Every structure is written in C-alpha cells, then in structure tokens.
1. Quick check, is residue 59 out of contact with any His (no Cβ under 6 Å at 6 or more places or on another chain) and either on the phi > 0 side of the Ramachandran plot or surrounded by 13 or more Cβ atoms within 10 Å (Cβ to Cβ) (or both)?
2. How many of the residues in segment 42-79 are closer than 17 Å to residue 19 by Cβ and over 12 Å from the mean Cα position of the chain (by Cα)?
3. What is the number of the single condition among (1) part of a helix (DSSP H, G or I); (2) of a type outside the set (D, E, K, R); (3) touching a helix residue (DSSP H, G or I) at 6+ places or on another chain (Cβ under 8 Å); (4) more than 20 Å from residue 10 (Cα to Cα) that residue 71 does not meet?
4. Do we find a residue being aliphatic (A, V, I, L, M), open to solvent by less than 80 Å² (accessible area, probe 1.4 Å), out of contact with any Ser or Thr (no Cβ under 8 Å at 6 or more places or on another chain) and assigned to a loop (DSSP other than H, G, I, E, B) anywhere in segment 20-31?
5. For the list (1) part of a helix (DSSP H, G or I); (2) modelled with pLDDT of 90 or more; (3) surrounded by 13 or more Cβ atoms within 10 Å (Cβ to Cβ), I need the number of the one condition that residue 77 fails.
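The values are calculated or read from the model by the stated rules, or taken from the named source; none is laboratory data. Predicted, not measured: the structure shown is a model, and the values here were computed from it. Here Cβ is always computed from backbone atoms with ideal geometry, including for glycine, and neighbour counts include all displayed protein chains. These accessible areas exclude ligands, DNA and RNA; they are computed on the full protein's heavy atoms, side chains included. Shrake-Rupley method; radii C 1.70, N 1.55, O 1.52, S 1.80 Å.
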Amino acid sequence: MLPLEFRGNDPSLRKIAEGVINTLMDAKRPLKITEIAKGPTLPQAKVNKCLIGLLNAKAALKSTEQGVSHYSFAKSCLS
C-alpha cells in the first residue's frame, strides 16, 4: 500500500509513510495536513508527497470544506 518511492532502501522515507498511514488509521475524523505533519519526524512536504501517493493508490480519501483539505484512511483498504 505504500507509495512506490517510499518502498525503497531509505528507511527514513518508509518511517514517514508508516507514520502518515498510522495517523490516518487512528484518527476518529478526517485530519488537516497540519494535524498529520508534526515536528521534525513528519515534515509537511514529505507528508504531502506521501498523501498524494496514498490518494493515487486509493488508500486515502480527500475532502474539502471551505477550501481546507481533510484526509482520512480509506476503510476499503482494510478488507
């Protein structure tokens, strides 16, 4: 399920992708990117790139409310 570039040999990219996926899976509601990107462990630029890959893989869902994007984990990936 990880986006292609996050499956390579760089363990830091994989850790970022796993952090994004775990955050989305644990969330009770859709999250803004600023709620997912926390501190130096999950930088916003890399979180955004990971979210784009997850959206393309249909593993995440994106909704927009008043111009603000919210992301959630696609429950269909669990079955």
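1. Details: out of contact with any His (no Cβ under 6 Å at 6 or more places or on another chain): yes; either on the phi > 0 side of the Ramachandran plot or surrounded by 13 or more Cβ atoms within 10 Å (Cβ to Cβ) (or both): yes.
So residue 59 passes the test.
2. Matching residues across segment 42-79 total 1.
3. Answer for residue 71: the failing condition is (1).
4. no
5. Failed condition: (2).
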